[in-house]
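Step one of this worksheet: look at the structure below.
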Amino acid sequence: MGTLLRIELFKIATKPRSYIGFAAITVIVLLIELALWLDGRSYLEFILQALEQSFQVQGNLLNGNLVSFIILQTLIVQMPLLVALIAGDLVSGEAASGTIRLLLTQPHSRASILWAKYFATSIYVFLLIFWLGLLALGGGFLLFGAGDLVVLKSDELIILKAADTLWRFMAAFGIAFLSLSVVATFSLMLSCYTDNSIGPIIASMAVIILFTIIGTLEVPLFDRIKPFLFTTHMIVWRSMFDQPLDWGAILRSMWILVFHIALFLGVSFFHFTKKDIQN
Amino acid sequence: MKSFIVFALMAFGAPGAFTQPAPKALIHAVHQKFAQVKDYSATVRMEFDIPSVRLTPVEGGVYFKQPDKFRIKTEGIIFLPKQNPYFTLQSIRDTNAYVAIFAGEETVQSTKTQVVNVIPNDNAGELILAKLWIDPARKLILKSQLTTKTNGTLTVEQGYGRLQGSALPDWIRFTIDVARFKVPKSVAVDLSASKNAPSLPAKGTGTIQLVFSNYKLNQNLSDAVFAQGK
């Protein structure tokens, strides 16, 4: 398994598209940090204008914690697309380039080959999130300093003590990893069904965009569908910044995400181990 | 308009106005008591109950120096009233600057108080009208309601203990009118917000309570203590 995993990681590392995600995250994070560095005060003044009519708000609001939170909630919507770009190509890419038959002639079971691909994608997802965390938290604290976190909601502000934020960010990154693993396994599953590399990537992106739109639109018909969409539970990382924490809802969503990972992996294994490789 | 308010308050507001001690004398006595304190520092615990804002209690240091320097120092973010806690006492310092009218008696914190309305002579100031509930026996303001030009109505209630002789309260509770907090979902990037969430009223009241302890009086505090950012 170790050799297979190394081979899969090598394949991911040699594809130029694997670096698009890291480049996109770097550019977006730096742009957000620059924008907040220049205009963050006016952004906060706009948000707090109703409250500042009645109160004077004292303390460093624009700090590394707030900047990291803004980056996280802006980027988390885009990151599934970056993951689909890699995971959607894992099996179908081999089929398209004709290397799948060569791969399957090795003395390894099809299941272990697919496990290696899954673990390699998981490592890629982990590195992507680690890079996001490093840039967001590291850059945020370096440029804006420490301070209490103002959790922005459309109708509420939650202020968390600075000492109470780091573990929440770590938990949020953990949940984000779980969420992106759902996308990775979904793309892997689609990848097992086709022989061209672009199809599963586009299909994954289309499904995520469609589910996100359904989740965002306030239409009564969609309200009944939302609980069944994995994208609804992918944003549960945000609940880690609630006060008090709704552990019931968080754990329920995490279980639903784990269920989706198991389901998509199960379907992938079922199909891949029985797949008739013809080219 | 101001003359009409004064006339109306005298005519209808205080049937016993002419049997009570002069309200300005009472206010002067209250201020004299507070004027003994040149400066102080203390520990303060702040508790917040503000609609749409979840903020756990915060502890910090509080500093005051006559006549109007006031500063609260904390590690984190806090919400404070726009006026400092001694805004009322500062507003009534010059007894020639306002009209004071006795407006009856009411019980506040189980204490019989005299209600005095204060109307500033100068229209340019921030204060439009102050209603004070004064304990005549201890010469302490137990409650005040301030109508201001820019910040609406603010109610301040205070309870006294060991340092009532210096008119320094053990606690102060501010009740403030608050507009509903609402920002577009796109600005807050709040994808989890739901229209099914219970809608909040357009306006409400928020309270901030300051609980003081470890008072240290008349230490000749430097002005540098009150400089922002230190």
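The values are calculated or read from the model by the stated rules, or taken from the named source; none is laboratory data. This is a predicted model, so every value here is computed, not measured. Please note: Cβ atoms are built from the backbone with ideal geometry, for glycine as well, and neighbour counts cover all protein chains shown.
With respect to the conditions (1) of a type outside the set (A, V, I, L, M, F, W, C); (2) within 12 Å of chain B (Cβ to nearest Cβ); (3) within 30 Å of A:PHE211 (Cβ to Cβ); (4) in contact with a helix residue (DSSP H, G or I) (Cβ under 6 Å, 6 or more places away or on another chain), A:ASN63 lacks only one, and its number is (3). The sole residue among A:THR3, A:THR74, A:THR26 that is more than 9 Å from chain B (Cβ to nearest Cβ), surrounded by fewer than 17 Cβ atoms within 10 Å (Cβ to Cβ), of a type in the set (Ser, Thr, Tyr) and touching a residue at least 40 places away in the same chain (Cβ under 8 Å) is A:THR26.
B:TYR86 satisfies every condition listed in (1) aromatic (Phe, Trp, Tyr); (2) at pLDDT 90 or above; (3) under 19 Å from the mean Cα position of the chain (by Cα) except (2).
Every test in (1) within 29 Å of A:ALA23 (Cα to Cα); (2) without any contact (Cβ under 8 Å) to a residue 40 or more places away in the chain; (3) not in a helix (DSSP H, G or I) is passed by A:GLY138 save one, and that test is (3). Inclusion of B:ILE92 among residues that are more than 14 Å from chain A (Cβ to nearest Cβ), among the hydrophobic types (A, V, I, L, M, F, W, C), more than 27 Å from B:VAL178 (Cβ to Cβ) and crowded, with 21+ Cβ neighbours inside 10 Å is not warranted. Residues in the range A:1-31 that are assigned to a helix (DSSP H, G or I), farther than 18 Å from A:PHE130 by Cα and of a type outside the set (S, T, N, Q): A:GLY2, A:LEU4, A:LEU5, A:ARG6, A:ILE7, A:GLU8, A:PHE10, A:LYS11, A:LEU31.
The one condition from (1) away from every other protein chain (no Cβ under 14 Å); (2) modelled with pLDDT of 90 or more; (3) within 18 Å of the chain's Cα centre (by Cα) that A:ILE86 does not meet is (2). From A:ALA176, A:ALA171, grab the single residue that is assigned to a helix (DSSP H, G or I), within 14 Å of chain B (Cβ to nearest Cβ), under 22 Å from A:ILE250 (Cβ atoms) and touching a residue at least 24 places away in the same chain (Cβ under 8 Å). Just one listed residue meets the conditions, A:ALA176. When the criteria are applied in full, B:ILE78 meets the requirement of being within 14 Å of chain A (Cβ to nearest Cβ) and either closer than 17 Å to B:ILE141 by Cβ or surrounded by 18 or more Cβ atoms within 10 Å (Cβ to Cβ) (or both). From the list A:HIS271, A:HIS233, the lone residue that is modelled with pLDDT of 85 or more, out of contact with any strand residue (DSSP E or B) (no Cβ under 7 Å at 6 or more places or on another chain) and more than 14 Å from chain B (Cβ to nearest Cβ) is A:HIS271. Please verify whether A:ARG110 is exposed (fewer than 15 other Cβ atoms within 10 Å of the Cβ) and within 18 Å of A:SER191 (Cα to Cα), treating the condition exactly as stated. It is false that A:ARG110 is exposed (fewer than 15 other Cβ atoms within 10 Å of the Cβ) and within 18 Å of A:SER191 (Cα to Cα).
Of these, A:ALA50, A:ALA23, which one is more than 30 Å from B:THR207 (Cα to Cα) and not β-branched (Val, Ile, Thr)?
Details: A:ALA50 fails: more than 30 Å from B:THR207 (Cα to Cα).
The match here is A:ALA23.
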